[in-house]
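Encoded as structure tokens, here's the structure I'll be asking about.
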């Protein structure tokens, strides 16, 4: 039986998965409590701001996990093109493993709550900005000029989010693979031009 002290983390993990599958509005707090096996009263104990506070935590955890994934991929790849492939390949593989049910955890929060919630708007904006900045920094470390690294990182995040939507509806990894091919070629060209 899970320890009582980890109920907050379990609720965040459950909400993250449910948001990825059902969206922000499509996820009831009762589902989060049920899926996390947390004590019913613990939801408002840990998240006195209710669903908005829980969604803020989900966005922070999802962003941090994605940024950690970028940093791990940067450490295990040799070129910018390989980093792009690893960055876009991770959500492709996760989506396929979920049976094309679980997309991005942050996208539904953005689509369904902003700009109505200033708190969620700010949190999700910062999350995407940090993700893009991290990817740009790792691309620059792999020989892409700074200005080009920023644009390539923005393009990669944009393509990845679009591929999550198309991959889910088409039930296919093809949108990810097409994005990887185009962006990896751009990374190779940018690296060659700066060499």
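Quick note: the coordinates plus some simple rules give every number you see, no bench work behind them. Please read all numbers here as calculations on a predicted model, not as lab measurements. Reconstructed Cβ throughout: ideal geometry from the backbone, glycine too, with neighbour counts over all protein chains shown.
Starting from 0.36 nm per residue, how many nanometres of slack lie between residue 44 and residue 79 once their C-alpha separation is accounted for?
8.0 nm
How tilted is helix 80-97 with respect to the longest principal axis of the chain? Cα atoms for both, answer in degrees (0 to 90, nearest 10).
That works out to roughly 30 degrees.
Suppose a student asked you for the relative contact order of the chain, using Cα pairs under 8 Å spaced at least 6 residues apart; what percent would you report?
Answer for the chain is 25 percent.
With a Förster radius of 41 Å, plug the Cβ-Cβ distance of residue 111 and residue 193 into 1/(1 + (r/R0)^6) and report the FRET value to the nearest 0.05.
Computed FRET efficiency for residue 111 and residue 193: 0.65.
Take the Cα radius of gyration of segment 52-105 and divide it by 2.2 N^0.38 Å, with N its residue count; two decimals is plenty.
Values: Rg = 12.9 Å, N = 54, 2.2 N^0.38 = 10.0 Å.
In units of the globular-protein estimate, segment 52-105 measures up at 1.29.
While we're here: What number, in percent, do you get for the relative contact order of segment 122-168 if the mean sequence gap of Cα pairs under 8 Å and at least 6 apart is divided by its residue count? Please list the in-between numbers first.
Numbers: 20 pairs, mean separation 14.9, N = 47.
RCO, segment 122-168: 32 percent.
Please work out the Cα center distance from segment 1-58 to segment 127-190, rounded to the nearest Å.
Distance between centres, Cα-based: 30 Å.
Take the Cα gyration tensor of segment 60-195, multiply each eigenvalue by 5, square-root it, and list the three semi-axes largest first, rounded to whole angstrom.
With the √(5λ) rule applied to segment 60-195, the semi-axes are 24, 18, 12 Å.
How long is the gain from residue 146 to residue 165 if the chain were fully straight, where each residue apart is worth 0.36 nm and the alpha carbon distance is subtracted? Working shown, then result.
Working: separation 19, 0.36 × 19 = 6.84 nm, distance 2.91 nm.
Net length gain for the segment: 3.9 nm.
Hey, could you get me the Stokes-Einstein D for segment 1-114, Kirkwood radius over alpha-carbon pairs, 20 °C and 1.002 mPa s, rounded to whole µm² s⁻¹?
Answer, rounded: 142 µm²/s.
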